[in-house]
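The values are calculated or read from the model by the stated rules, or taken from the named source; none is laboratory data. Just so it is clear, the structure is predicted and the values come from calculations on it, not from any experiment. FYI the Cβ positions are ideal-geometry reconstructions off the backbone, even for glycines, and counts take in every protein chain you see.
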Amino acid sequence: MPFSFTPTSLPGVVIIEPTAFVDNRGFFLETYKQSDFKRAGIDGSFVQENHSRSAKDTLRGLHAQRSPRAQSKLVRVIEGEILDVAADVRKDSPMFGQWVGVTLSAENRRLLYVPAGYVHGFYVVSAEAQVIYKTSDEYAPECEYGVRWDDPQLGIRWPGTSPVLSERDQRWPLLSEFGVRGGRG
């Protein structure tokens, strides 16, 4: 199997390390193979792929989509380095409010699988980073929701304290406000 699958402390969130075949020309690796992922318990298909380029200290997140358009994500970095974060916001989950952060970089070639029901975001620690991620459902703005990056209930330890954020990401509600303005995973 050309992949190593390592579960994180959050159920369903998995670090994936592909096998790179390196020679004097460079390297080759598979970044996704449905049969291997299915054997590792990651069952489903991806229907959309997104690509972002961001400058140092950019924080994108924390985002998700609610049912019926909930998305699982498969995230990888092709340039630079990020801290990739998934947080459990499923109100009925025993892990509610817990998060995990994983360093993804072009150098380590890791991927992170984030199942539906978790909010996701990343912080750019290198001069810039290019991130590509597959999703299990198409973007549906009417189902999108998010949680504030600095939510004290989550207590995420980001690499910086003054991130560059979009206007939208600055306005997401806190977990304590979910019943008022937010959504459920």
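Quick look at the numbers
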{"item": "Every residue from segment 55-98 that is of a type in the set (S, T, N, Q) and closer than 18 Å to Tyr139 by Cβ", "result": "Gln65, Ser67, Gln71, Ser72"}
{"item": "Residue pairs meeting the criteria (Cβ under 7 Å; at least 6 apart or on separate chains; first surrounded by 11 or more Cβ atoms within 10 Å (Cβ to Cβ) and part of a loop (DSSP other than H, G, I, E, B), in segment 147-175; second of a type in the set (D, E, K, R) and at pLDDT below 95)", "result": "Pro173/Arg181"}
{"item": "Segment 1-30: number of residues that are within 16 Å of the chain's Cα centre (by Cα), farther than 24 Å from Arg69 by Cα and among the β-branched types (Val, Ile, Thr)", "result": "3"}
{"item": "Residue that is touching a strand residue (DSSP E or B) at 6+ places or on another chain (Cβ under 8 Å), at pLDDT 95 or above, aliphatic (A, V, I, L, M) and buried (at least 16 other Cβ atoms within 10 Å of the Cβ), where the choices are Ala86, Ala127", "result": "Ala86"}
{"item": "Long-range neighbours under 7 Å by Cβ, at least six apart or interchain, first residue among the β-branched types (Val, Ile, Thr) and assigned to a loop (DSSP other than H, G, I, E, B) within segment 85-111, second at pLDDT below 95 and crowded, with 16+ Cβ neighbours inside 10 Å", "result": "Val89/Leu175; Val89/Gly185"}
